[in-house]
Amino acid sequence: MKKVLAIIGLFWLSCSQLTAQILPADTVKYLPDFTARGQRFESFNTGVKMVQTDSLVKLIAIHDNIAQLLSYNSQVFVRAYGPNQIATTSFRGAGAQHTAVLWNGVNLQNSLLGQTDLSLLPAGFMDDISVYYGGNSALYGAGAIGGAIMLNNSSAFNKKGASYQIGMGSFGLIQHRLALTYGTKKIYIKARAYHQSAQNNIEYHNYTLAEKPLQNLAHAQQKSNGLMLETGYKINAKQEINLRYWYGFTDRNIPPTIGMAVNNAYQIDEANRLGLEWKRVAFKTRWIGRAAFVDEYLNYNDPTTYNSGISKSKTLVGELENTTQINSKTALNIGVNYTGNFAQSSGYKQHASRHSLAAFVSVNNHWSKKIKTTVNFRQDFVDDNFQPFTAGVGADYKLNRYLNITAQVNKSFRLPTLNDLYWVTGNPNLLPEKGYAQELGLTAKRTTEHAYIYTQLNMFNRQISNWILWQPYGGSWTPQNLLQVWSRGIEWNTRYTYCYNKFMLSLRGDVSYLLSTNQKANVQNDATVGKQLIYIPRLTYQTWLTFSYSNAYLAINQTYTGYRFTSSDNTSFVDDYLLLNVFVGKRFKFKKVGFDTKIHINNILNSEYQVLPSRPMPMRNFLFSLGVTI
Amino acid sequence: MKLKSNYFLHLILMVAFGACETQPSITPEYPVILNPKGGLFILNEGNFQFSNATLDYYDFETQKLSTNAFETTNNRKLGDVLQSMTHYGGKGYLVVNNSQKIEVININSLSSLATISGFVSPRFMVIHGTQTAYVSEYYNGGVKVVDLNTNQIIQTIPVSGNCDELLVHNNKLYVTVSNKKMVYVINTQSNVVMDSIDVAYGPNSLLLDKNNHLWVLSSGRVINGGGFENGALQKINTEADSVLQLFYITRQSDHGPIKLRCNGKKDVLYWINKSIYKHPINDNVVSQNPWIPSFNNNFWALNYDSLTDEVYVGDAIDFVQRSTINRYDETATLRGIFKAGIITGDFYFYYK
């Protein structure tokens with residue numbers, strides 16, 4: 001398939017003409033099987049809805065963490081526990097543990113918790129942030145039932161530069177960022193560092209006190225440091241290696257929820273991540289080897305309740321994959337993966353470990369100029385047991401110049417977390433969760449000399465069985481394979497871009513309506529059958545209106561999140577909210593020094609809102625940012 | 001432009017400025033109308049850190065439930081984890097554990113009168129005399145002494161451990177400590193710990209029977225690293241503060257035996273140990289057979305209505321939906337079922 005569109009990120013500063021090669025990103029990508037940095041996730045995923053963060057949003061989000069970025073720039077529901085507090089994700093009505101977060105192909109889901117706290121991951125450390133809607137364990141590995149978030153770094157051969165940015169915001173936010181790049185044809189070194197501290201003393205009305213006085217959130221201070229060091233070496237024309245080291249440290253106080261007088265708890269997270277990647281790209285075959293070591297430390301401490309615990313997790317990953325273009329119509333990807341999880345926690349009787357081996361195969365077929373299909377298969381073998389065999393099948397049919405129909409079905413699974421299995425009251429007999437999903441998409445696009453329009457409609461349906469829940473059924477709090485969850489919904493994404501000389505206007509709307517209900521009663525009196533799972537909005541939408549002229553931009557973002565039930569029988573809920581954010585920025589050069597200034601006004605309507613019950617979120621707030629680049 | 005972009009633009013603008021979801025209105029089924037003879041207050045803990053604790057009012061004559069009566073009356077939320085209630089002199093005291101406060105209400109109108117704050121983790125409150133109350137603190141706050149005239153904490157009696165239910169009798173304050181093997185005895189004249197009674201691990205609730213014997217229920221525990229200690233029911237002589245009888249009880253659940261309650265004549269005891277158990281005070285054996293068996297129910301609230309001679313049992317189900325309340329007569333026959341708030345933890349009967 002040589003005619004596939006290689007959609008490149010939107011270069012908003014050089015939007016002088018629109019061609020089939022330069023189109024706005026944030027669209028479904030049809031990449032050739034072979035691209036220089038291509039991973040199997042990108043090339044063997046026909047029929048999958050994938051949205052890449054465009055370059056303007058990356059610029060806007062330079063001071064954000066991944067959770068903040070996704071909350072205004074994706075259809076993933078981000079469950080934020082407060083400003084700079086823990087944040088997890090829900091894809092299409094699934095749970096936080098159903099999101100695979102892959103850093104250069106290495107899964108970062110914490111083996112104890114099965115989830116990733118996205119508030120700890122700075123967006124500015126990533127060169128590419130892409131969101132894959134819908135799970136597919138056969139491609140992304142265990143855990144990816146709801147969807148996957150790909151965080152990638154790119155190499156920097158032949159690039160040189162240095163930049164410093166300072167961000168100052170409301171509630172005592174100060175962030176320093178430094179980035180240095182030095183690359184020749186043969187070798188590169190890239191270093192990024194950041195330091196952030198914030199008071200997070202946001203205002204909220206305390207609705208448990210008479211007159212509901214306006215108060216400042218106490219005990220919410222946060223500070224974090226991070227370092228991303230990368231280096232790469234071109235061994236010869238075909239081979240290169242990349243070595244990346246990522247350090248993250250966050251110390252935060254846990255604020256009281258509305259209604260609590262004080263909270264003295266704090267949490268420290270520290271992570272060391274090391275990734276090695278070897279690539280050999282020849283005419284018709286490509287090898288990628290990955291090795292990674294991830295070491296995470298989490299210390300939660302509440303001096304009042306003595307409810308505290310330390311958990312440590314170490315993960316070792318080795319993966320080797322090969323992609324071969326068998327003929328002009330067929331490409332094959334095969335590979336093996338080893339993942340070792342080693343954990344210790346104050347809640348365990350002893351250390352826990354798990355060794356997983358997996359073999360995977362994917363095949364791309366271009367049946368004709370109009371039809372492309374992918375099949376994925378994967379078998380995991382964990383400790384002494386075969387895990388559910390997983391498979392995915394996707395297809396893309398080009399109806400005409402403007403219309404495409406896509407379809408994808410997959411069977412996915414998730415292993416119980418180490419906490420589920422090895423906690424003092426854990427359950428060693430848990431079965432893996434299984435997900436069966438189907439998806440149908442219709443896309444229409446059209447490009448003219450100055451304008452580009454794109455719209456995509458997706459319908460999905462998914463059953464997750466053996467959903468693990470900690471419940472006291474039977475008298476003790478223990479995880480059990482309790483729920484059968486049926487999620488179904490519809491997503492609609494539309495983009496319109498108009499370019500004229502240095503002027504660009506861009507409109508974007510993303511709507512999602514979904515139901516995610518429990519289908520199985522567990523006990524007498526259980527009123528949850530057919531009811532929406534808690535903390536999952538049914539309706540969400542986002543709109544973006546962006547103007548840019550030359551090196552200046554104005555972006556207006558609107559994010560609506562429908563009400564979320566807080567009780568499993570759907571008798572109580574947290575209110576819906578509408579946020580309006582305005583981002584303004586300008587780049588200019590003075591002599592040889594580049595300057596990058598921006599002002600963000602978040603929540604300009606001053607909505608008082610909560611994502612999760614009684615955990616206040618910031619009302620109107622500001623961010624000023626100044627960057628210097630040489 | 002040849003594109004029919006206006007159509008899409010229109011749709012986008014519709015989404016931008018039009019759409020939002022209609023939220024269901026959750027208003028109480030019945031307005032708060034208090035029966036002049038009194039009624040039943042249902043204490044719904046709500047979820048920890050959600051601040052969704054609610055107080056329901058149940059009229060035993062009309063059998064109507066006014067949900068969320070505190071918020072309806074006072075136009076503000078009650079707080080986080082409603083633990084217990086007591087009343088004195090026309091005032092109701094609502095102990096809101098994780099809001100670290102006690103709400104004082106007019107018990108005949110439910111309107112807020114005052115808020116007593118300054119606690120660490122208040123659990124239970126008992127009245128002593130006409131102007132003093134003792135409040136147990138779960139997390140190392142000891143026992144706080146409150147002046148009911150000023151609604152101020154005036155003294156802290158240091159008691160180490162997780163103080164739970166309290167009882168005053170004969171100028172002695174009995175304090176259960178649920179992470180220890182003892183009940184402390186405090187002299188209410190000096191407010192000093194004067195004695196302690198050794199009991200089985202985890203005393204959490206206590207009451208006086210018709211013979212003025214003190215009954216203390218212990219939960220037992222799972223020992224970290226394996227094994228467990230049994231729970232127990234103890235009968236204590238309040239003159240010598242010595243244990244007269246001790247019945248070991250096998251733990252049936254994580255929490256073990258909890259929430260000791262008695263009938264109106266104070267000669268039959270009830271408690272939760274996953275199922276509901278019953279024990280006439282003169283029996284020499286504690287029955288192994290539940291009085292009301294749990295079929296995977298999560299019984300979390302229990303009390304006896306001495307006016308109607310009915311036992312109220314709350315089932316918290318999955319702890320994230322409205323509880324089911326079952327009413328039984330003394331023969332364990334189900335007399336009625338209704339729904340209360342999230343995690344019903346206790347029933348407080350108030351009759352004039």
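What follows is calculated from the coordinates using simple rules that are stated; it is not laboratory data. All figures in this text were calculated on a predicted structure; none of them were measured in a lab. No Cβ is skipped: glycine too gets one built from the backbone with ideal geometry, and neighbour counts run over all protein chains shown.
Greater than 20 Å separation of Cα atoms is the criterion. Which listed pairs, B:172/B:210; B:64/B:278; B:181/B:259; A:279/A:369, meet it? The partial results should precede the final answer.
Details: B:172/B:210 18 Å; B:64/B:278 28 Å; B:181/B:259 17 Å; A:279/A:369 30 Å.
As for pairs spanning more than 20 Å Cα to Cα, those are B:64/B:278; A:279/A:369.
With both labels modelled 7 Å from their Cα along Cα-to-Cβ, the residue A:515 to residue B:241 distance reads 6.3 nm.
The label point for residue B:149 and the one for residue A:367, both projected 7 Å from the Cα toward the Cβ, are 9.1 nm apart. From a point 7 Å beyond the Cα of residue A:578 in the direction of its Cβ, which residues of the stretch A:514-532 have a backbone N at a distance under 20 Å? Residues passing the 20 Å test: A:514.
Electrostatic tally near residue B:132: other residues with Cβ closer than 15 Å to its Cβ, Lys and Arg +1, Asp and Glu -1, net +2.
Taking the Cβ of residue B:155 as the centre, find all other residues whose Cβ is under 13 Å away and add up their charges (Lys, Arg: +1; Asp, Glu: -1). That sum, taken over residues with Cβ under 13 Å, equals -1.
What's the extension gain from residue A:524 to residue A:233 if we count 0.36 nm per residue and subtract their Cα-Cα distance? Walk me through the intermediate numbers first.
Working: separation 291, 0.36 × 291 = 104.76 nm, distance 6.32 nm.
In short, 98.4 nm is gained.
I need the calculated FRET efficiency for the pair residue A:490 and residue B:287, taking r as the beta carbon distance and R₀ as 60 Å, to the nearest 0.05. Efficiency computed from Cβ-Cβ geometry: 0.55.
Per DSSP helix of 4 or more residues, -39500 (n - 2.57); summed, then divided by the residues of the protein assembly as shown. What does that give at 222 nm, rounded to the nearest 500?
Details: 7 runs with 46 residues, N = 982.
So the calculated ellipticity at 222 nm is -1000 deg cm²/dmol.
The simple Förster model, with R0 at 60 Å and r as the Cβ-Cβ distance, assigns residue A:328 and residue B:333 a FRET efficiency of 0.15. In the stretch A:564-613, what trypsin sites (Lys or Arg not before Pro) fall in a loop by DSSP, with at most 13 other Cβ atoms inside 10 Å? Those satisfying the criteria are A:591, A:592.
Among the chymotrypsin sites (Phe, Trp or Tyr not before Pro) found in the stretch A:362-408, those both in a DSSP coil and sparsely packed, with 15 or fewer other Cβ atoms within 10 Å of their Cβ, are A:367, A:389, A:402. Note on the stretch A:147-257: Lys pairs 8 or more places apart or on different chains, Cα atoms under 19 Å apart, count 13.
For chain B, the pair-distance distribution built from all alpha carbon pairs, in bins 20 Å wide starting at 0, is 29, 55, 10, 5, 1 percent.
For the pair the stretch A:441-476 / the stretch B:275-323, the C-alpha centres are spaced 45 Å from each other.
Partners of residue A:370 within straight-line reach, counting lysines whose Cα lies under 21 Å from its Cα and excluding those fewer than 8 residues away in the same chain: A:2, A:3, A:29, A:49, A:329, A:398, A:445. Taking the stretch B:53-75 and a reference point 7 angstrom along Cα→Cβ of residue B:111, the backbone N atoms nearer than 15 Å belong to B:70-75.
Largest first, the extents of the alpha carbon coordinates of the protein assembly as shown on the three principal axes equal 94, 57, 47 Å. Averaging over all projection directions, the Cα-based convex hull of the stretch A:459-520 occupies 6.5 nm² in the image plane. If contacts are Cα pairs under 8 angstrom and at least 6 residues apart, what is the relative contact order of chain A in percent? Averaging sequence separation for qualifying contacts and normalising by length gives 11 percent for chain A. Taking the centroid of alpha carbons for each part, the stretch A:162-182 and the stretch B:93-167 are 49 Å apart.
Summing charges over all other residues whose Cβ lies under 13 Å from the Cβ of residue A:477, with Lys and Arg as +1 and Asp and Glu as -1, gives -2. Among the GluC sites (Glu not before Pro) in the stretch B:42-138, those placed in a DSSP loop whose Cβ has at most 12 other Cβ atoms within 10 Å are B:61. The distance separating the Cα centre of the stretch A:523-596 from that of the stretch A:193-222 comes to 21 Å.
Note on residue A:470 and residue A:264: the extension gain reaches 71.6 nm, defined as 0.36 nm multiplied by sequence separation minus the Cα-Cα distance. Using the Cβ-Cβ distance between residue B:295 and residue A:547 with R0 = 60 Å, the FRET efficiency computed as 1/(1 + (r/R0)^6) comes to roughly 0.40.
In this rough spin-label picture, where each label sits 7 Å from Cα along the Cβ direction, the residue B:130-residue A:459 distance is 7.6 nm.
Before anything else, pin down the relative contact order of chain B: Cα pairs under 8 Å, at least 6 apart, normalised by residue count, whole percent.
Over chain B, the number comes to 11 percent.
Residue exposure proxy: B:305, B:267, A:384, ordered by other Cβ atoms within 10 angstrom of their Cβ from fewest to most, comes out as A:384, B:267, B:305.
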